[in-house]
Amino acid sequence: HLPLPHVDAALDELARGIDQLGLHGVAIGGNVLQQPLDTPAFAPVFDEINRRHLALFIHPMAPCGIEAMQEYDLAAAVGYLLDTCLAALRLVYSGTCERCPNLQPILCHAGGYLPFQWDRIDTSFRTRPEARRHIARPPSEYLRRFYYDNANYHLPALRCTLETVGAERLLLGSDYPFAIGDIDRTVRVLDALPLTAEQRALIEYQNAQRLLR
């Protein structure tokens, strides 16, 4: 885990984890003390992850707008999923994914709301000039480079993610050690998806082997 927002310390820890400890990737939050991931000061961290071809796991944090989610545990129910969407889209729209072609972030909870709004996101790109400021291709072309874990137990949602990105971009997830985390359930839920044996092998381990090299 990288100690952002301290960029120099994050780069040092990245080098220690990979070069000394033999790890294969890093984890960061979906925002850093309410600063978005495309904050220019963080660019050297993404450049180094890209240079090293490392796996990058993004887990949501308390999102912007948290003041409207204080009651009813709304942050856990819907807010963290929003943070995942904002983190992914800001990396895309800012040109970070364009600049870092080896960047293949892993998004948990089946990508939050992204698979459900795939067409709307691309429509926004086509119709809003500000969405095209730093990228020349539709956002979905970059989002297809991401990986999505299956820590979502609502079958229609998982089917949507599967149909949107394909089994080649799905990973087995658990959300451990959070309360919703249940690795047995995330394995069992695969039984209810329309998967071939080859697709199931991709999700259960082959995609991870490829990503972690």
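What is the spin-label model distance, in nm, from Thr123 to Glu141 if the labels are put 7 Å beyond Cα along the C-beta direction?
2.1
What is the calculated FRET efficiency for Ala77 to Ala43, with r their C-beta to C-beta distance and R₀ = 30 Å, to the nearest 0.05?
For R0 = 30 Å, the calculated efficiency reads 0.40.
Counting Lys +1, Arg +1, Asp -1, Glu -1, what net charge surrounds Asp122 among other residues with beta carbon under 13 Å of its beta carbon?
My count for the surroundings of Asp122 gives +4.
Taking H placed 1.01 Å from N in the peptide plane, check which residues at least 5 places from Asn31 or on another chain put their amide H under 5 Å from its amide H.
Residues meeting the amide H criterion: Met61.
Which value at 222 nm does the chain reach when only helices count, each DSSP H run of 4 or more adding -39,500 (n - 2.57), with the total divided by all residues and rounded to the nearest 500 deg cm²/dmol?
-10000 deg cm²/dmol
Which residue fluctuates the most in the chain, going by a Gaussian network model with Cα springs under 10 Å, if the choices are Tyr147, Tyr72, Tyr80?
The residue with the greatest mean-square fluctuation here is Tyr72.
Any idea what diffusion coefficient the stretch 134-175 gets from Stokes-Einstein, in µm²/s, Kirkwood Rh on alpha carbon pairs, 10 °C, 1.306 mPa s? Each step should come with its number before you reach the end.
On the way: Rh = 11.2 Å.
D = 142 µm²/s.
Which percent, nearest 5, of DSSP beta bridges in the stretch 1-153 are antiparallel?
DSSP beta bridges in the stretch 1-153 are roughly 15 percent antiparallel.
Summarise the accessible area of the chain (1.4 Å probe, protein heavy atoms) by the percent that is carbon and sulfur.
Details: 5990 of 10960 Å².
Accessible surface attributable to carbon and sulfur in the chain totals 55 percent.
What is the pair-distance distribution P(r) of the stretch 1-100, computed from all Cα-Cα distances in 5 Å bins starting at 0, with each bin given as a whole percent?
Percent of Cα pairs in each bin: 2, 13, 23, 23, 17, 11, 7, 3, 1.
In square nanometres and to one decimal, what's the mean projected area of the convex hull around the Cα atoms of the chain? Walk me through the numbers on the way to the answer.
Numbers: hull surface 48.5 nm².
The Cα convex hull of the chain, projected and averaged over all directions, gives 12.1 nm².
The values are calculated or read from the model by the stated rules, or taken from the named source; none is laboratory data. Predicted model only: the values in this text are computed from it and were never measured. Cβ: placed from backbone, ideal geometry, glycine included. Neighbour counts: every protein chain shown. For the accessible areas, the whole protein counts, side chains as well, though only heavy atoms, and no ligand, DNA or RNA atoms are used. Shrake-Rupley method; radii C 1.70, N 1.55, O 1.52, S 1.80 Å.
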